[in-house]
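Worksheet: the structure to be examined is printed underneath.
The values are calculated or read from the model by the stated rules, or taken from the named source; none is laboratory data. Fair warning: this is a prediction, and the values are worked out from it, not measured in the lab. When we count neighbours, we look across all protein chains shown, and the Cβ atoms used for this are built from the backbone with ideal geometry, even at glycine. Surface areas here come from the heavy atoms of the whole protein model, side chains and all, with no ligands, DNA or RNA. Shrake-Rupley method; radii C 1.70, N 1.55, O 1.52, S 1.80 Å.
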Amino acid sequence: KQWYQRRVRGRLLSLLCAVLFNCIMTEHSEGNSNGYGATDATPSSTPKQTLNEVYETIGMGRFQYLIYALVALVGYSDYAELTLLSVMMPAIRCEWGLTKYFEAAITVSVFLGYAVCAGLFGKLGDVYGRKPVILSATILLLISAVVSATAQNKWVFLVGRTLTGCCVGVNFSSMVCYATEYAESKFRAVGMYVLVLACFVGCAAVNVLAYFLLNAIGWRWFIVVVSIPIIPALILTATLPESPRYLCVSGKDEELKKTLSFMAKLNKVKLEDDVEVVVYQNEELGSYSMLFNETNARSVISLSVVYFANIFLEFGLIIFLPLFFSSKYCG
């Protein structure tokens, strides 16, 4: 028990360092953001209001707080699911007699699914909208948790964890948009801070819950307990409207007006009936080539390197070090 207490204290310290690092990276990202889905640039020939000007009228209120609650729930769930293996692996190793190679395969499958699906399906949020992507990925995340918790052999568990990684990869890219696209420019960083904080609260919560519950209820029910926040996340995702910024650059004028009216109503602000917002069709939505054009290439490459280093260090501390220290533990 003393060993586990030292492990939890060390893990919480590493999580605090990772949160601070992510906040610094977020500030850099916000300062360099441009491109589709995050711009208020409008054709100079139109007298209509920009989306940011309408956001200033709507202000911060209950609607944004609901969005931040959704962001926190999904961020918590995503990182909690990624962290589960670090505390469950000793029990699973003993139950199924896993070899060190199969242990590695389970862990790698999660992050391989994350990387592949984030790259292949991340653009779906730009093509079809943030809401359907987040809703679909969160439903699949809940299914993957059920598959993992009810797995009767190591192969089914491997499939469940791979699906988890895929869902998190697809989910997280759209959730970053959700965190920043429902408020005026000066408040965008708030959503990112909420997302980053929720992610590492999820990591810390898994370790704290494991200390009190894992041996008492077993690893199967532990997965169920950790996955409970996915349910309110699904309810909020289904209830809240699509991102106005996505609707704006997709040319969906009528849906945009309905969404803005709903936001104003929840914030108890009267929005003029004849308000007109600049809406235009961006033909490059979901284009990978746009990421590496002359305007964006430098920021994309530099932020990718920083993010890779951050994730490498972050999950090295969160997952692989505990597995290393518990590699000879069984029972």
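Just checking, which of Val194, Val201, Val208 is under 12 Å from the mean Cα position of the chain (by Cα) and modelled with pLDDT of 90 or more? Write out each step before concluding.
Working: Val201 fails: under 12 Å from the mean Cα position of the chain (by Cα); Val208 fails: under 12 Å from the mean Cα position of the chain (by Cα).
Answer to the check: Val194.
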- Could you give me the residue pairs with C-beta distances under 8 Å whose first residue belongs to the stretch 293-317 and is farther than 18 Å from Ala118 by Cβ, whose second residue is β-branched (Val, Ile, Thr) and open to solvent by 80 Å² or more (accessible area, probe 1.4 Å) wherever it lies, and which are 6+ apart or on separate chains? none
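Within the group Val110, Val168, which residue is out of contact with any Asp or Glu (no Cβ under 7 Å at 6 or more places or on another chain) and either under 30 Å from Ala238 (Cα atoms) or not hydroxyl-bearing (Ser, Thr, Tyr) (or both)?
On the way: Val168 fails: out of contact with any Asp or Glu (no Cβ under 7 Å at 6 or more places or on another chain).
Matching residue, one of Val110, Val168: Val110.
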- Filter the stretch 157-190 down to the residues that are assigned to a helix (DSSP H, G or I) and touching a Phe, Trp or Tyr at 6+ places or on another chain (Cβ under 6 Å), then identify the one that is nearest to Arg130 (Cα to Cα). Val170
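Just need a number here: residues in the stretch 65-81 that are aliphatic (A, V, I, L, M) and more than 19 Å from Ser136 (Cβ to Cβ). Reasoning before the result, please.
Step one: filter the stretch 65-81 for residues aliphatic (A, V, I, L, M), giving 66-67, 69-74, 80.
Imposing the further condition that a residue be more than 19 Å from Ser136 (Cβ to Cβ) reduces the set to 66, 69, 72, 80.
Number of matching residues: 4.
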- By residue number, the members of the stretch 124-154 that are part of a helix (DSSP H, G or I) and touching a strand residue (DSSP E or B) at 6+ places or on another chain (Cβ under 8 Å) are none
- Note down all Cβ pairs under 8 Å where the first residue falls in the stretch 199-216 and is more than 19 Å from Ala149 (Cα to Cα), the second is part of a helix (DSSP H, G or I) and among the aromatic types (Phe, Trp, Tyr), and they're at least six residues apart or on different chains. Cys199/Tyr76; Cys199/Tyr79; Phe200/Tyr79; Val201/Tyr76
- Residue list for the stretch 202-224, filter: surrounded by 14 or more Cβ atoms within 10 Å (Cβ to Cβ) and small (Gly, Ala, Ser): Gly202, Ala204, Ala205, Ala210, Gly218
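Is there a residue in the stretch 191-200 that is loosely packed, with under 15 Cβ neighbours inside 10 Å, closer than 19 Å to Leu85 by Cβ and out of contact with any Leu (no Cβ under 6 Å at 6 or more places or on another chain)? Full working, then the answer.
Let us first name the residues in the stretch 191-200 that are loosely packed, with under 15 Cβ neighbours inside 10 Å, namely none.
Among the residues of the stretch 191-200, not one is loosely packed, with under 15 Cβ neighbours inside 10 Å, closer than 19 Å to Leu85 by Cβ and out of contact with any Leu (no Cβ under 6 Å at 6 or more places or on another chain), which makes the answer no.
A quick yes/no check of all residues on (1) open to solvent by less than 40 Å² (accessible area, probe 1.4 Å); (2) hydrophobic (A, V, I, L, M, F, W, C):
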{"residue": "Ser227", "(1), (2)": "yes, no"}
{"residue": "Pro232", "(1), (2)": "no, no"}
{"residue": "Ile235", "(1), (2)": "no, yes"}
{"residue": "Pro241", "(1), (2)": "yes, no"}
{"residue": "Tyr246", "(1), (2)": "yes, no"}
{"residue": "Lys258", "(1), (2)": "no, no"}
{"residue": "Ser261", "(1), (2)": "no, no"}
{"residue": "Lys265", "(1), (2)": "no, no"}
{"residue": "Val277", "(1), (2)": "yes, yes"}
- Could you list, in sequence order, all residues of the stretch 131-176 that are within 30 Å of Arg245 (Cα to Cα), out of contact with any Cys (no Cβ under 6 Å at 6 or more places or on another chain) and open to solvent by less than 30 Å² (accessible area, probe 1.4 Å)? Val133, Ile134, Thr138, Thr164, Gly165, Cys167, Val168, Asn171, Phe172, Ser174, Met175
- Which number in (1) in contact with a Ser or Thr (Cβ under 6 Å, 6 or more places away or on another chain); (2) of a type outside the set (D, E, K, R); (3) under 28 Å from Leu51 (Cβ atoms) marks the one condition that Ile230 misses? (3)
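Wholly within the stretch 223-331, which helices (runs of 4 or more DSSP H) include no fewer than the required count, namely at least 1 residues that are closer than 30 Å to Pro90 by Cα and at pLDDT 80 or above? Break it down stepwise before answering.
On the way: elements: 230-239, 244-249, 253-266, 288-291, 297-315, 321-325.
Filter on the stretch 223-331 gives 230-239, 297-315.
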